[in-house]
Amino acid sequence: MEVNHTSDGAMIVDELIAQLQELQGQGSEAVAAAGNAEALDALRIEYLGRKGRLTGILRRLGELGADERPRVGAEANRVKDALSTLLDERAAAYAVAADTGPRVDLSLPGRARWTGQVHPVTLVIDEICEIFRDLGFSRVAGPEMETQTYNFSKLNIPLDHPAADMHDSFYLTDEVLLRTHTSPVQARVMEQFAPPIRVVVPGTVYRRDPFDASHAPAFEQVEGLAVDEGITFADFKATISAFVRRFFGNDAKTRFRPSYFPFTEPSAEVDVSCQICGGRGCSACKHTGWMEIMGAGMVHPNVFEAAGYDPERYTGYAFGMGPGRIAMQRYGIPDIRLLYESDMRFLGQF
Ligand code: 2NL
């Protein structure tokens, strides 16, 4: 029996298109109501899946003639695309909401930039040199590797002196060592320049001492030297006292005690009234009221002789101090090793 496609078919086409449009309406509402990504996945299967409701409607395409199928097919594709797009959009929105990956919080304050500091010993060295610059002294530097001749002999230190011993210095060869003081730099300055001479010499010096709370095998020193005709012990005392007042303050008192160094005669230790107790006596000054800050004296004639200066014509004074020691006294640092550890929690305080 021949089916009348023309009349029955037209009715089926209208019915299927109506069903497709109803499917789109229901699907749209269902997508809008879906509470999460899983619900959307279930709807995609229910409406558009291989055994889903759209497929179910299209099964009846077989009842239509070849000329009627394209209209229903086109409508089916439109509905499928529309629902698919809705599902994709909602799924994308849920994916963004679910993303817990790293976020940039622009309201957070920025991280503070790390800044360096000038080391407290360097601060003291620069301050010392600046004061002596105002008093007419030039700042000079020289080699850390020295010969026995410059480190000892030219400074009136005999090579059998304990300071020249293998056990007290770092020898690199039989005759070459790491300088034990900066004095060889002054010896070299005197050989190269005629008086008047006024220099300060900061630098690292080396001695074979065990590293403990009060000793280090490498430490900083600042030495000074003034040479001219007619320089007296009065010039020496006045210049050092002026330095002490500038460095420690106008109330600071200076005391000169007799001492001995091979390269000066007479020699003195210079003390300053205690910075902690003002001279009344405390544990920092071992209840003496004084703190030792330098060794000094009038340059020994043998030192001038070795430099090629006429000791009958020229006189002068020299001094040496430890800026590490002075920094410890000034800032109340109890252990010299703190100056070597490069710990910014410590260094950041100065
Ligand atoms: C100290 C003692 C001193 C000198 C250093 C010196 C240099 C020359 C000639 C004469 Cl070229 N003297 N230097 C003099 C006396 C003492 O240092 O206790 N330093 C930490």
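The values are calculated or read from the model by the stated rules, or taken from the named source; none is laboratory data. Not measured: the values here are computed from a predicted model. Using ideal geometry, Cβ is built from the backbone for each residue, glycine included, and neighbour counts are taken over all protein chains shown. Surface areas here come from the heavy atoms of the whole protein model, side chains and all, with no ligands, DNA or RNA. Shrake-Rupley method; radii C 1.70, N 1.55, O 1.52, S 1.80 Å.
Here are the numbers for this structure:
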{"quantity": "Residue count for the range 115-132, restricted to those that are open to solvent by 80 Å² or more (accessible area, probe 1.4 Å) and touching a residue at least 40 places away in the same chain (Cβ under 8 Å)", "calculated": "1"}
{"quantity": "Given (1) within 25 Å of GLY308 (Cα to Cα); (2) at pLDDT 95 or above; (3) surrounded by fewer than 20 Cβ atoms within 10 Å (Cβ to Cβ); (4) not hydrophobic (A, V, I, L, M, F, W, C), index of the condition HIS161 fails", "calculated": "(2)"}
{"quantity": "Residues of the range 44-53 satisfying the condition of being more than 60 Å from the chain's Cα centre (by Cα) and either open to solvent by 30 Å² or more (accessible area, probe 1.4 Å) or at pLDDT 85 or above (or both)", "calculated": "ILE45, GLU46, LEU48, GLY49, ARG50, LYS51, GLY52, ARG53"}
{"quantity": "Of the criteria (1) open to solvent by less than 60 Å² (accessible area, probe 1.4 Å); (2) free of Cβ contacts under 8 Å to residues at least 60 places away in the same chain; (3) closer than 27 Å to TYR150 by Cα, which one ALA226 fails", "calculated": "(2)"}
{"quantity": "PRO217 open to solvent by 60 Å² or more (accessible area, probe 1.4 Å) and at pLDDT 95 or above", "calculated": "no"}
{"quantity": "Qualifying residue in the range 168-181 (condition: of a type in the set (D, E, K, R), surrounded by 16 or more Cβ atoms within 10 Å (Cβ to Cβ) and in contact (Cβ under 8 Å) with a residue 40 or more places away in the chain)", "calculated": "no"}
{"quantity": "Pair list, Cβ under 8 Å, 6 or more apart: the range 294-306 residue within 29 Å of ILE326 (Cβ to Cβ), other residue part of a helix (DSSP H, G or I) and within 9 Å of the ligand (Cβ to nearest atom)", "calculated": "VAL303/LYS154; VAL303/LEU155; VAL303/ALA187; PHE304/MET190"}
{"quantity": "Only one of GLY136, GLY142, GLY116 that is assigned to a loop (DSSP other than H, G, I, E, B) and within 21 Å of PHE263 (Cβ to Cβ)", "calculated": "GLY142"}
{"quantity": "Residue check for ARG207: farther than 17 Å from GLY224 by Cα, open to solvent by 10 Å² or more (accessible area, probe 1.4 Å), basic (Lys, Arg) and within 27 Å of the chain's Cα centre (by Cα)", "calculated": "no"}
